[in-house]
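The values are calculated or read from the model by the stated rules, or taken from the named source; none is laboratory data. Every value quoted in this text rests on a predicted model; they were computed, and no experiment measured them. Here the Cβ is made from the backbone with ideal geometry for all residues, glycine too, and neighbour counts use every protein chain on show. These area figures cover heavy atoms from the full protein model, side chains too; ligands, DNA and RNA do not enter into them. Shrake-Rupley method; radii C 1.70, N 1.55, O 1.52, S 1.80 Å.
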Amino acid sequence: AAPGPRSEAPARGLRLRVVDNAPQSAVPSDTATAPDVESVLRPLYMDVQATTPLDPRVLDAMLPYLVNYYGNPHSRTHAYGWESEAAMERARQQVASLIGADPREIIFTSGATESNNIAVKGVARFYRSRKKHLITTQTEHKCVLDSCRSLEAEGFQVTYLPVKKSGIIDLKELEAAIQPDTSLVSVMTVNNEIGVKQPIAEIGQICSSRRVYFHTDAAQAVGKIPLDVNDMKIDLMSISGHKIYGPKGVGAIYIRRRPRVRVEALQSGGGQERGMRSGTVPTPLVVGLGAACEVAQQEMEYDHKWISKLAERLTKKIMNSLPDVVMNGDPEHHYPGCINLSFAYVEGESLLMALKDVALSSGSACTSASLEPSYVLRAIGTDEDLAHSSIRFGIGRFTTEEEVDYTVEKCIHHVKRLREMSPLWEMVQDGIDLKSIKWTQH
């Protein structure tokens with residue numbers, strides 16, 4: 001028999017993320033008894049830069065296309081295809097509306113990684129006969145840096161601009177780096193590790209005046225801060241579904257039509273998406289992306305106020321209770337929902353282990369498997385020891401004040417506890433300058 005209805009719905013309160021861990025059999029059998037439903041407390045979720053929960057409104061929009069309207073949107077001969085195609089085009093309109101683009105400039109992809117690959121490799125290869133130079137920054141997402149590395153192996157020249165201590169690029173250095181054969185400048189809008197906002201409109205202006213295409217990876221910015229591709233003179237933009245409370249496995253790339261930007265397709269096939277991205281468009285996923293963009297557009301102002309309020313609450317409480325805490329990245333030009341703090345004399349990994357009832361990270365989810373300190377923090381000149389003691393707090397649409405207060409309380413408690421165990425902390429309290437010590441190699 002199927003398990004009986006739960007007596008009480010899980011409250012969305014403090015640390016109450018209730019999961020039903022009982023294995024469910026897909027095939028009902030007479031012998032199977034209802035398993036004991038074991039409710040397990042899950043950690044609070046404070047890692048929205050890695051991914052966001054699906055907004056229930058997005059799920060509602062997707063469900064019909066997962067069940068009843070399952071036609072291939074490229075089937076031209078029957079109603080199943082037409083209704084899916086209509087849904088796909090409506091989603092295209094919703095994405096375009098959020099960034100001030102024309103729907104024909106939106107190409108659906110599997111996510112921001114694919115969009116970044118299409119933008120960087122696609123533009124470089126299309127214009128390779130005349131232009132062999134690209135410019136990016138040292139703090140870009142791994143997929144942009146790796147795309148640039150693979151282009152270098154093909155004979156392209158890439159300039160990796162350094163960033164200032166604030167995490168922001170120097171516009172004069174950007175201007176100086178542009179050469180007659182530069183085809184593309186790629187700079188992310190909001191950094192995924194430290195939340196720094198680059199001066200996108202100014203970069204767009206420079207690129208436009210020098211006749212160079214400008215690509216921005218806006219995965220962490222779309223739907224969170226106002227963006228307009230025409231005002232900011234952006235030629236290509238990468239968008240991700242699961243960073244804006246949409247489904248995973250879907251994203252989009254904006255490619256300007258006037259003046260036209262050409263890209264060489266990376267994937268060969270049936271020529272869908274204007275020949276730039278062959279493959280059947282997954283209707284339920286793009287419907288979800290469209291719905292997520294529409295909700296984000298409606299709620300952007302409200303979300304921003306709420307997230308700013310919680311971010312200020314978190315940073316103030318931590319900074320006022322603990323000495324030697326450094327906020328990484330420019331405090332002014334910054335998206336408030338991404339807070340990266342370094343707790344001096346505490347190993348970041350130890351703090352993460354101690355805070356096991358809060359889901360946090362010590363850097364990008366895409367690179368956190370390596371124990372190297374974050375290359376983003378190294379690029380802004382953070383000392384190796386401080387880079388190893390950094391934690392990223394992510395605050396999103398569904399984060400509550402109680403969650404923030406609980407995280408702060410636990411964080412302060414464990415930082416104090418770990419510092420008391422640290423010989424370095426003891427030496428600093430005794431007035432010893434750690435930089436002056438000559439450590440011996442064992």
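How much accessible surface area, in Å² rounded to 10, belongs to the heavy atoms of residue 189 with a 1.4 Å probe?
Around 0 Å² of this residue is reachable by solvent.
Can you work out the Karplus-derived ³J(HN,Hα) for every residue in the range 375-392? Use 6.51 cos²θ - 1.76 cosθ + 1.60 with θ = phi - 60°, whole Hz, and x for glycine or proline.
5, 5, 5, 5, 5, 8, x, 6, 4, 3, 5, 5, 5, 6, 10, 9, 10, 9
Among 351, 148, 111, whose Cα projects farthest towards the positive end of the dipole of the chain, with charges put on the beta-carbon of Lys, Arg (+1) and Asp, Glu (-1)?
148
Can you tell me the dipole magnitude for the range 140-295 around its Cα centre, using point charges on the Cβ only (Lys, Arg +1; Asp, Glu -1), in Debye to the nearest 20?
Using Cβ point charges on Lys, Arg, Asp and Glu, the range 140-295 gives about 300 debye.
Around residue 186, which amide H atoms from residues at least 5 apart in sequence, or from another chain, sit under 5 Å from its own amide H, with H modelled in the peptide plane?
Correct list: 135, 136, 215.
Hey, of (i) 105, 62, 36; (ii) 117, 70, 62; (iii) 77, 73, 43, which did the structure itself give for Cα extents along the principal axes in Å when calculated?
(iii)
Can you give me the % of accessible surface on the chain that is carbon or sulfur? Probe 1.4 Å, all protein chains present, nothing else counted.
For the chain, the apolar C and S fraction of the accessible surface comes to 53 percent.
Find the all-direction average of the projected area of the Cα convex hull for the range 31-164, expressing the result in square nanometres with one decimal place.
The directionally averaged projection comes out at 16.3 nm².
Taking 8 Å as the Cα distance limit and 6 or more residues as the minimum spacing, I'd like the relative contact order of the chain as a percentage.
Across the chain, relative contact order equals 20 percent.
What net charge is computed for the residues neighbouring residue 385, neighbours being all others with C-beta under 15 Å from the C-beta of residue 385, Lys and Arg scored +1, Asp and Glu -1?
-4
Might you tell me the accessible area per residue for the chain, computed with a 1.4 Å probe and given in Å²?
Value for the chain: 48 Å² per residue.
Can you list the lysines whose alpha carbon is less than 23 Å from that of residue 165, not counting same-chain residues fewer than 8 positions off?
Within reach: 142, 197, 316, 435.
Give the calculated FRET efficiency between residue 176 and residue 257 to the nearest 0.05, with a Förster radius of 35 Å applied to their Cβ-Cβ distance.
After rounding to 0.05, the efficiency reads 0.70.
Just to check I understand the Karplus step: with θ = phi - 60° and J = 6.51 cos²θ - 1.76 cosθ + 1.60, what whole-Hz values come out for the range 425-434, glycine and proline as x?
So the J values, rounded to whole Hz, are 4, 4, 5, 5, 5, 7, x, 8, 7, 4.
Among 342, 350, 374, determine the one that fluctuates most according to a GNM of the chain built with springs between C-alpha atoms less than 10 Å apart.
350
Let me have the 222 nm mean residue ellipticity of the chain computed from DSSP H runs of 4+ only, each contributing -39500 (n - 2.57), with the sum over all residues rounded to the nearest 500.
Only helices count here, giving -11500 deg cm²/dmol.
From Cα pairs below 8 angstrom and at least 6 apart in sequence, can you work out the relative contact order of the range 32-130, rounded to a whole percent?
10
Residue by residue through the range 280-286, what is 3J(HN,Hα) from phi via Karplus (6.51 cos²θ - 1.76 cosθ + 1.60, θ = phi - 60°)? Round to whole Hz and write x for glycine and proline.
Once θ is set to phi - 60°, the couplings for the range 280-286 become 5, 6, x, 3, x, 5, 6 Hz.
On a full-extension model of 0.36 nm per residue, what is the gain between residue 426 and residue 93, subtracting their alpha-carbon distance, rounded to one decimal in nm?
Residue separation times 0.36 nm, minus the Cα-Cα distance, leaves 113.9 nm.
Per-residue counts of other Cβ atoms within 10 Å, averaged by peptide: what ranking do you get for 300-310, 376-386, highest first?
Averaged packing, sorted descending, gives the order 376-386, 300-310.
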